[in-house]
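Coordinate-derived values only; no laboratory data. Everything numeric in this text was worked out from a predicted model, so none of it was measured. Because the Cβ atoms are built from the backbone with ideal geometry, glycine has one as well, and the counts that use them run over all protein chains shown.
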Amino acid sequence: MSQYFAIIFGKNMEQTLRQTIDSLRTQSCVPTDIIVVDDGSTDRTGELLTIFKRSLDHASPPTFHSIRLPESSYDLRRIPLLWNVALEYAERREMAGKFFLVGADDDELSPKYAETLLREMEDDFALVISSGEVSGRAFKSAIGISAPEGGGRIYAYPFFKAHVGRFPTSYGYESWVLYKAHQLGFKAKKIFSEDATINHLRPLGSIHGFREWGLSMACAEYLPLYVLLRAGQNLLLNHKIISWRGTLKMTWDYFKARLHPPRDDWAYKKWRTTDPELVKWIRRNQAKQIIRTLTYPVRFAVKKLLA
């Protein structure tokens, strides 16, 4: 089984960090290294990091590393900055790993999580991004969306280094990498297996409140009809996972940003300014999905008549 290192990030992590770290330490395929990026916590996170360092100093693997940043206000826009800090740290120390895992401080992974995903990625060279599924949270899709989950994603490091380098410091940083992989002919998918589940120790949206989701779609210049179809899908099929308030908020934020771009928001960057071909590719694929969705009733009726 290939080696990998794990990146964990967060702020004020004392309530959930221990369970997250323990779930990594007890993986059937243990990471070579665990890097925790503490974004200026003001609770007992620092004490916990010291305890973990002492307890893992004689355990191999994993080797434990912590990066403590100066105290700052909570800001979701800083997340890709934290990930990039961890990647730079890993590169300086030449950490072993053909893959790396990124998770938040409240992601508790099932014991065979990494083993299950890595086996799939090793068997399929084109699969460069994968994740398991959040337990008890089965998204239903009517427009072909089944992307890897945010927490617990595993990236193929050679792909990432060659084609991405660093996470974009703009809204939609995770989606940008997913779309880039598909555009280049690689694969990114969610792997459905009882052995690859993520338990979120905090409810979805309890911290971010879906604040950046609508802005991400605006930065990527999603087609308006596609956004409305996604909203309808969530309201009808996924309302137990994403509240109707969350769905309406991200949809409102998307249209508001299109009409009045937030000029004072440093993370609001149109993707076309750095990668116009990717934006064209995304919009073409969304147009195809819209056509497939809107013509489904007709195609279904014709299939029944011909059966």
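Structure summary
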read-out	value
Burial ranking of peptide ranges 250-256, 282-288, 31-37 (average Cβ count within 10 Å, highest at the top)	31-37, 250-256, 282-288
Neighbour cut-off at most 13 other Cβ (10 Å), DSSP loop, chymotrypsin sites (Phe, Trp or Tyr not before Pro), segment 70-118	Y74
Ratio of Rg to Rh over segment 166-266 (Cα coordinates, Kirkwood Rh, two decimals)	0.98
Convex hull volume per residue for segment 211-306, taking Cα atoms only, in Å³	104
Percent of beta bridges antiparallel (DSSP, the chain, rounded to nearest 5)	25
Expected 222 nm ellipticity per residue - DSSP helices of 4 or more, -39500 (n - 2.57), all of the chain, to 500	-13500 deg cm²/dmol
With at most 13 neighbouring Cβ atoms within 10 Å, loop GluC sites (Glu not before Pro) (DSSP) excluded, longest segment of the chain	195-307
Value in Å of the Kirkwood radius, where the chain supplies the Cα pairs that are averaged	20.5
From phi via Karplus (6.51, -1.76, 1.60), per-residue ³J(HN,Hα) for segment 149-158 in Hz, x at Gly/Pro	6, x, x, x, 6, 10, 10, 6, 5, x
